[in-house]
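This report refers to the structure that appears directly beneath it.
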Amino acid sequence: MDKIAAKCIPGFVCVVDVIGSSFEKQPIKRLKISKNVANRRVIWLDATTHAREWLTTATTFKIMKHLQDKYKVDSSVTKLLDKYDWHFIPVVNPDGYLYTWTASRLWRKNRRINSKPSCPGVDLNRNADSEWGSNGASSDPCSETYAGPSVASELETKALQTIVTALGSKIIEMITLHAYGNYWLIPFGHTDNRTKLCYVAPDATETMRVANAAANAIEKVFNTKWKRGTICSTIYPASGGMIDYAKGKQGVPYAAGVEVRGNGFIVPPSQINPSFLEVWAGIVASIEAIENKP
Ligand code: 0X9
Ligand code: ZN
């Protein structure tokens, strides 16, 4: 990130800032690529909320590099840089990520020490302020989907929520990468409080139209199948998710939780470039669909 910022695209401003620190006091870094022009909307891309989902980290780095290298070379890159600011957070969960390199490859949560010290970690995709602690999250610290001791208890959650709140609807689309399984998912993960059924947003038809555009474009890249739909109705109910917070609480109009290609967390490096090509196609198509609202 620092290298990319040091060699910013001519005419653009690249800044790496630290948006917060983790439980183990590691920096959570963001790369912003912007222009000194007022009121530009932001495309947000984050990854590695779940520590073991390494393909998301690498995919994000490829996308950052693609923007840096292909301005005035690739027409989509040129268009998307001329029109939008970009915010990248490649590693939302640095403690968990480090732990997957040093101790346990399949670790998912962060590394907070819990009330039950033998079971560390909070699931950062269950900790956000969006129907926190309800359907699809656990109150057991030993669970892989532990929601945490209280809403937004985690420093990592706070760091992200603070900037999502500050940017609000300036973010045109928030894309968060997870692994795995070929899914382009949209809010919401949570259920309706009253009916206990998957919550259906008032603009579900519009956000689904954009999800379909993204998933259809991705399918064309390698002739693969990509599922699409709300988190709750397509995979399972999940409360306290970060894209639910952005969409439901901060007015971010479009959000996607993308489960990158594959059928496992441990994939060979040869998967990085195909994953990049797919996610990039999805981003380009989704922004195009958003701009061409019928
Ligand atoms: O359980 C989750 O948090 C996500 N699945 S994962 O295997 N990556 O843990 C599903 C929730 C919504 N998905 C995304 N936001 N991508
Ligand atoms: Zn995940």
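Are there any trypsin sites (Lys or Arg not before Pro) in segment 33-88 that are in a DSSP loop and have at most 13 other Cβ atoms within 10 Å? List them by number.
Lys72
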- Message: Testing the spin-label approximation: label points 7 Å from Cα along Cα→Cβ at Ala38 and Ala166. State their distance in nm.
- Response: 2.0
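Quick one: work out Rg over Rh on the C-alpha atoms of the chain, Rh as Kirkwood radius.
Numbers: Rg = 17.9 Å, Rh = 19.0 Å.
Ratio of gyration radius to Kirkwood radius: 0.94.
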- Task: Counting only C-alpha contacts under 8 Å and six or more residues apart, can you give the relative contact order of segment 2-291 as a whole percent?
- Result: 21
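Considering only DSSP states other than H, G, I, E and B, which GluC sites (Glu not before Pro) in segment 111-192 qualify as loop sites with at most 14 other Cβ atoms within 10 Å?
Working: sites: Glu131, Glu144, Glu154, Glu156, Glu173; in loops: Glu131, Glu144, Glu154.
Answer in residue order: Glu144.
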- Query: What is the fewest-to-most order of Arg194, Arg261, Arg30 by other Cβ atoms lying within 10 Å of their Cβ?
  - Reply: Arg194, Arg30, Arg261
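Where does the chain land at 222 nm, in deg cm²/dmol rounded to the nearest 500, when only DSSP H runs of n ≥ 4 count, each adding -39500 (n - 2.57), divided by all residues? Intermediate results must be reported in sequence, preceding the final value.
Details: 8 runs with 96 residues, N = 294.
Mean residue ellipticity at 222 nm (helix-derived): -10000 deg cm²/dmol.
With a ≥ b ≥ c taken as the square roots of the eigenvalues of the C-alpha gyration tensor of segment 185-294, please select rounded if a/c is under 1.5 and otherwise prolate if a/b is larger than b/c or oblate if it is not? Before the final figure, lay out the partial values.
Numbers: a/c = 2.18, a/b = 1.42, b/c = 1.53.
It comes out oblate by the Cα gyration axes.
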- Query: Based on DSSP H assignment, which helices of the chain show an axial Cα extent of at least 27 Å together with a mean Kyte-Doolittle hydropathy greater than or equal to 1.6?
  - Reply: none
- Message: How many angstrom lie between the Cα centre of segment 35-51 and the Cα centre of segment 253-294?
- Response: 15
- Message: With both bridge residues required to lie in the chain, what share of the DSSP beta bridges run antiparallel, to the nearest 5%?
- Response: 40
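Quote the FRET efficiency, to the nearest 0.05, computed for Asn193 versus Ser115 with a Förster distance R0 of 30 Å and r equal to the Cβ-Cβ distance.
On the way: r = 27 Å, r/R0 = 0.89.
With a Förster radius of 30 Å, E is 0.65.
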- Query: Among the aspartates and glutamates, which have Cα under 14 Å from the Cα of Lys25 when same-chain residues fewer than 8 positions away are ignored?
  - Reply: Asp95, Glu154, Glu156
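Quick note: the coordinates plus some simple rules give every number you see, no bench work behind them. None of these values were measured; they are calculated from a predicted model. All Cβ positions, glycine included, derive from the backbone under ideal geometry; neighbour counts span all protein chains shown.
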